[in-house]
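Here is the structure we will look at.
Nothing in this text is a laboratory measurement; each read-out follows from the coordinates by a stated rule. Because the structure is a prediction, the values reported are computed rather than measured. Heads up, the Cβs are rebuilt from the backbone with ideal geometry, glycines too, and the neighbour counts pull from every protein chain shown.
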Amino acid sequence: MSNRRRFMKFSLLGSAAILASKNLFAESPKSKEIKVVKDKPIVISTWDFGKEANEAAWELLGKNGRALDAVERGVKVPEADPNNQSVGLGGRPDRDGHVTLDACIMDENYKCGSVAFLEHIVHPISVARMVMEKTPHVMLVGEGALQFALANGFKKENLLTDKSEKEWKEWLKESKYEPWMNIENEHYRMNKDGKPGDEKNHDTIGMVAMDANGNLSGACTTSGLAYKIRGRVGDSPIIGAGLYVDNEIGAATSTGVGEEVIRIVGSHLVVELMRQGFEPEAACKEAVERIIKRNPENAKKVQVGFLALNKNGEYGAFALQKGFSYAVRSASENKIYNAPYFYKD
Ligand code: SD4
């Protein structure tokens, strides 16, 4: 067969395949109600504790500050809070008793920085920003990330609070490792009746914002799954999984069992779905359904939530289970919403 004939044959086959596979692509469904901010700026973040973090971000956004500065400032609030046992200082340790932190940040120019498996530093998000701004790299981990932080003026601190240490010692008695129906956050635990529990406020913070210039940025920071195997890293510091920002389209972040999010490169997926025309909530729902499709039995037992904001100021969220909330701050609102979820009672 001549090259030309072979080319024609493959082109025809290619077109047929594209037509046949059209229904492989999801339609872009509409959300019931589209939430949209009237005027920029806006900041949204995961869980109830996002409200306080949003407030810190708003101090900059409300004065025409840059989204990047705002998200960093915002997530530093739970990082510094010793009572928040899933972010920064006071985070629950790994199974060997070490608090190890993951964080990443991304700006409007696809610039990003990340740290993972970082110990002894209260503000991993600021180290991640420094990785972005002071190095040619995107990600530093473990000992190297710590060395980098110390060399850049961060202070070495003990992040294990008495409360977290006490709980960890209690956990050690049985050392029951439940990676899926995990022990990390109470609201992930199933109640005795097998339904997801209600307790909130202990989780990863993911925050995305649009500033007065219409530029987007995001930040995500966590101590990860409690009592994880030493060295385990979740989705939160992984650009594309725990956070993604595309200034043309929108930004997304995630919370929950990171392994599930990494497998579908969740936040990048949400942004790409928005590029295809999905509204934020619908894009988050589609990503959640992707997790379910992979392994429905497992998906029933874990929590994952996505949160997204598009370039038009529309925002939305969706979770596997009941209990995921998110906080929104703009000039016209300062509110916490319960995200819609897949597994109804
Ligand atoms: C992780 N996604 O390390 C994070 C944890 C989280 O609620 O969101 N916790 O997998």
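On the stretch given as region 235-255, residues that are more than 8 Å from the ligand (Cβ to nearest atom) and either more than 10 Å from the chain's Cα centre (by Cα) or in contact (Cβ under 8 Å) with a residue 40 or more places away in the chain (or both) total 14. Any residue in region 208-234 that's under 12 Å from Val245 (Cα atoms): show its pairings with residues that are within 9 Å of the ligand (Cβ to nearest atom) and part of a loop (DSSP other than H, G, I, E, B) at Cβ separation under 7 Å, as long as the two are six or more apart or on different chains. Within 7 Å, the pairs are Cys220/Thr204; Cys220/Ser236; Cys220/Gly242. As a summary of the residue check, Glu333 satisfies the conditions (1) under 18 Å from Thr253 (Cα atoms); (2) surrounded by fewer than 22 Cβ atoms within 10 Å (Cβ to Cβ) except for the one numbered (1).
Consider region 287-298 and keep the residues that are surrounded by fewer than 23 Cβ atoms within 10 Å (Cβ to Cβ) and touching a residue at least 40 places away in the same chain (Cβ under 8 Å). The one that is nearest to Gly218 (Cα to Cα) is Glu289. Residues of region 77-88 that are touching a Ser or Thr at 6+ places or on another chain (Cβ under 7 Å) and either part of a loop (DSSP other than H, G, I, E, B) or without any contact (Cβ under 8 Å) to a residue 60 or more places away in the chain (or both): Pro82, Gln85, Ser86, Val87, Gly88. Within region 256-268, residues that are over 10 Å from Val302 (Cβ atoms) reach partners that are in a helix (DSSP H, G or I) and within 10 Å of the ligand (Cβ to nearest atom) with beta carbons closer than 8 Å, at six or more positions or on different chains, in the pairs Gly266/Glu260; Ser267/Val261.
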